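Written below as structure tokens is the structure these notes are about.
Bear in mind these aren't lab numbers, they're just calculated from the coordinates by the rules spelled out. Bear in mind that the values here come from a model prediction, so they are computed numbers and not experimental data. Every residue, glycine as well, gets a Cβ built from its backbone with ideal geometry; the counts of neighbours run over all protein chains shown.
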Amino acid sequence: MAEMAPVRFGDLEVARVEEMIWTVSPRYLYAGIANERFEPYRDWLVPHFSTEDFKWRLSIHTFVVRTPHHTIVVDTCVGNDRNRSLPIWNQMRTDFPERLAAAGVVPEEVDYVFCTHMHVDHVGWNTRLEDGRFVPTFPNAKYLFHRTEWEHWKETEEEIQAEVVKDSILPIVDAGLAEMVESDHVIEDGVRLQSTPGHTPGHCSLALGAGDAEDAVITGDLIHHPFLVAEPDWPSRVCWDPAMAARTRREFVERYADTATRVLGTHFAPPTAVRIESGPAGCRVTF
């Protein structure tokens with residue numbers, strides 16, 4: 001399989017650091033979806049994004065955005081040493097810190113951490129276990145969270161999500177490293193949030209590019225899998241508001257189809273950085 005080589009957009013460089021590739025039935029996310037639904041798209045789904053029998057290949061990874069001024073970590077995966085309800089994620093022991101180091105990332109030198117939303121597989125390495133407690137992994141960074149997202153989850157009664165908040169968000173807040181921002185927040189010239197709600201209330205993607213142009217967009221869970229570029233209206237059972245998520249996704253696909261904008265899918269398996277192309281049978285991804 002092809003890896004995603006670091007890509008450059010003017011003065012910006014984006015690298016992908018993988019925690020794991022997860023091969024799973026699409027029905028885990030999209031109940032009732034039959035394999036026949038994928039057959040028209042076989043030529044570009046297989047082998048990069050799907051197995052021959054249409055099990056989805058979902059990547060969990062971090063994007064590292066380097067600008068002339070800052071190092072920005074976008075989404076921080078699942079993390080080690082955590083009690084999680086999904087067996088594959090429970091008490092994980094991965095070499096993700098070593099992979100970050102191999103990509104040239106020194107935790108103390110990271111300036112910003114941006115989490116597209118606060119689900120379990122996007123905030124885990126915000127913290128690491130040290131002497132029996134979770135402490136910030138990136139001790140000198142500002143951690144950017146959308147204010148609406150924080151307000152929605154900070155006192156959640158959902159047991160699973162409460163555990164995530166406890167070990168991956170609250171230690172950041174308690175350390176004084178959290179900054180609650182709005183959906184129009186600009187990290188620096190050419191790096192800004194883009195509101196993409198529906199999967200969660202405050203979900204935001206990250207747009208990269210000078211001025212009003214977007215050279216690339218880091219999706220978060222706006223689009224879980226490239227199949228949804230072809231069928232953006234398919235509702236996910238893990239979305240807070242499936243109808244809103246579908247509308248947001250369709251608008252995104254229509255906006256970027258047949259443009260030069262690179263779509264950096266937060267769960268897209270390698271090659272990960274794709275473009276959206278329209279055609280008589282609907283949209284597809286190319287790379």
Checklist entry - Measuring from centroid to centroid over Cα atoms, what is the spacing of region 192-257 and region 46-79 in Å? => result 15 Å
Checklist outcome for this item: Note on the chain: C-alpha Rg/Rh, Kirkwood Rh, two decimals, gives 0.94
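Write down the percent of antiparallel bridges among all DSSP beta bridges whose residues are both part of the chain, to the nearest 5.
75 percent
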Next on the checklist: Tell me which GluC sites (Glu not before Pro) from region 1-42 have a DSSP coil assignment and no more than 15 other beta carbons within 10 Å of their own.
Outcome noted: Glu3
Checklist outcome for this item: To the nearest 10 degrees, the tilt of helix 242-256 (Cα long axis) against the first principal axis of the alpha carbons of the chain is 70 degrees
Next on the checklist: Give me the tail of P(r) for region 131-185 as a percent: Cα-Cα pairs with distance above 13 Å.
Outcome noted: 61 percent
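Rounded to a whole number of µm²/s, how large is the Stokes-Einstein D of region 38-170 at 4 °C and 1.567 mPa s, given Rh as the Kirkwood radius over C-alpha pairs?
Values: Rh = 16.3 Å.
Reported coefficient: 80 µm²/s.
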Checklist entry - On alpha-carbon atoms, Rg over Rh for region 135-276 using Kirkwood Rh? => result 0.98
Item to check | Those GluC sites (Glu not before Pro) in region 152-250 that DSSP places in a loop and that have at most 12 other beta carbons within 10 Å | outcome: Glu155, Glu157, Glu158, Glu182
Item to check | Value of [θ]222 nm, deg cm²/dmol, for the chain, DSSP H segments ≥ 4, -39500 (n - 2.57) each, nearest 500 | outcome: -4500 deg cm²/dmol
Checklist entry - What is the Cα coordinate range of region 1-63 on the first, second and third principal axes, sorted by size from largest, in whole angstrom? => result 43, 23, 18
Checklist outcome for this item: Taking region 163-244, the whole-percent share of alpha-carbon pairs separated by over 19 angstrom is 52 percent
Item to check | DSSP-loop trypsin sites (Lys or Arg not before Pro) across region 133-242, with at most 11 other Cβ within 10 angstrom | outcome: Arg237
Item to check | Per-pair calculated FRET efficiency, R0 = 22 Å: Lys166 and Val238 via Cβ, rounded to 0.05 | outcome: 0.60
Checklist entry - When only Cα pairs under 8 Å and 6 or more residues apart are kept, what is the percent relative contact order across region 125-215? => result 26 percent
Checklist entry - Under 29 Å Cα-Cα from Lys166, which lysines qualify once same-chain neighbours fewer than 8 residues away are excluded? => result Lys142, Lys154
Checklist outcome for this item: Between Ala5 and Arg99, the two model label points (7 Å from Cα along the beta-carbon direction) sit apart by a distance in nm of 2.1 nm
